[in-house]
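A short worksheet on the structure shown next.
Throughout, read-outs are computed from the coordinates displayed, never taken from laboratory work. All figures in this text were calculated on a predicted structure; none of them were measured in a lab. When we count neighbours, we look across all protein chains shown, and the Cβ atoms used for this are built from the backbone with ideal geometry, even at glycine.
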Amino acid sequence: MATSVVDKLFIIIRDALAIENLPADFSLTDDEAKAVFAMAKKHAIGQLIDGAVSKMQAGSEASKANAAQITPATKKEIRDSFLSAINADARKSEALKKISTAFEEAEIDFIALKWAYIKKLYPQEWMRTSSDVDILVRSQDFDRACAKLIELGYKKEIEWTNDISFYLNNVIHIELHHRLTGKKSSALSDIFAHSSLAQGSLHRCEIEPEYEYLYHVQHMAKHFKEKGCGIRFFIDLWLLNQKMPYDREKILELLNAEGLADFEKHAVNLSRMWLEGEEHPELTELSDFVTGSAIYGTKEQYVLLKRKKSGKSAYITKRIFLPYKTLARLYPSLKGKKFLTPLYEIKRIFDIIFKKKDALDELKINSSISEEDIKKITKLTDMLGI
């Protein structure tokens, strides 16, 4: 039976993560290489493909012959992704180093989140890319931390509920958080209470393993619930289970308290199905949903998940008529002028019609969703407990 593009991608991932070596007879036609690479890019793991191509070129004569099927243009695109990942990791690492020094000097306690920790679990740190660098500071230090980033040349851009985005030369993106969640009952509401100083540091803190794990699962479930999430989240989860020492009983206690135990169980099993060959036929639909997704979901999945909560007409109303705070993020000139909200709602309608292709696409997707689609996604989210 022919090996599918999805199967070939996971063969390459298992080789990249040093789980099992690339089969000696592994082959990719040019069309297959393009398809595998395109899928990998959607899931922010395109940089992993070059290793397999390089091994094919350095292998046996049969392996070299297989590699020769891939055109130079395709090989270049794959190699460029690999080189770009290395360069991006170096830039972000240097940026984090400078910010760390500045925060240490200013006596600002901070935690480097997600990418900064998880990339260390990969065989090579550049393998785990990220579009931004997430940093958490105590709420009382948030204004000082913002000022320090501006001193370093960062420009304040978008302000969200829990964080503010800063950019340096439109290249380095920093998300500065003053909290991880607005839910006060969550174990993540005061994460500094579950962290300790990093070795050799007076202000850089590291989260306790169980809470690091909980944060990853919570962040993963949030993305899945809102618009889907991709393969990389599951790779990260698998690596956390393989390489991070933790108390499993404590993690289960935390997951149950957050209502995430079912989600975590199925997510872990799916990662093992893909990376270790475990059999989980009950996860076939979940596997198809994730592999057909992208790193942060797809537009179709976003609309589908939103539609699950409301009818077709209600979805249209919610997407067009936004609450003031959301509208003010889209139109910063509205800030502090709530009384102008009705006028900006009218402006948004005209923008949707004449400028915002994405919004029109969403409305078209909404109209194409069937009741059977709603039943399938509801069954999936019910299984996951989200």
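A few comments on the model shown:
- Local electrostatic count, residue 121, Cβ distance below 12 Å [Lys/Arg +1, Asp/Glu -1]: +2
- When only alpha carbons are used to place a centre, the range 36-54 and the range 112-146 end up 23 Å from one another.
- Helical mean residue ellipticity (222 nm; -39500 (n - 2.57) per DSSP H run of 4+; nearest 500) of the chain: -18000 deg cm²/dmol
- Considering only the chain, percent of DSSP beta bridges that pair antiparallel, nearest 5: 70
- Taking amide H as placed 1.01 Å from N in the peptide plane, residue 195 has its amide H under 5 Å from the amide H of 208, each at least 5 places away in sequence or on another chain.
- Under Karplus coefficients 6.51, -1.76 and 1.60, residue-wise ³J(HN,Hα) of the range 342-348 in Hz, glycine/proline x: x, 5, 6, 5, 5, 4, 4
- This ranking places 56, 244 by how few other beta-carbon atoms lie within 10 Å of each, fewest first, which gives 244, 56.
- Note on the chain: with a GNM built from Cα contacts shorter than 10 Å, the maximum mean-square fluctuation among 199, 57, 301 falls on 199.
- Amide H within-cut-off set for residue 186, under 5 Å, with H built and near neighbours excluded: none
- Listed pairs 42/306; 42/120; 42/309; 243/299; 8/243; 119/225 exceeding 31 Å between Cα atoms: 243/299
- GNM top mover of 375, 114, 92 - the chain, alpha-carbon springs below 10 Å: 375
- The H on the amide N of residue 133, modeled in the peptide plane, is under 5 Å from the matching H of 173, 174, 175, each at least 5 residues off or on a different chain.
- Dipole-positive endmost among 341, 62, 275 within the chain (Cβ charges, Cα centre): 341
- J(HN,Hα) series, the range 141-149, from Karplus relation 6.51 cos²θ - 1.76 cosθ + 1.60, nearest Hz, glycine and proline x: 9, 4, 4, 5, 5, 4, 4, 5, 5
- Estimated vicinal HN-Hα couplings, Hz - the range 14-21 in sequence order (Karplus 6.51, -1.76, 1.60; Gly, Pro = x): 4, 5, 4, 8, 6, 7, 8, 5
- Ordered by the count of other Cβ atoms within 10 Å of each Cβ, fewest first, 28, 197, 334 give 197, 334, 28.
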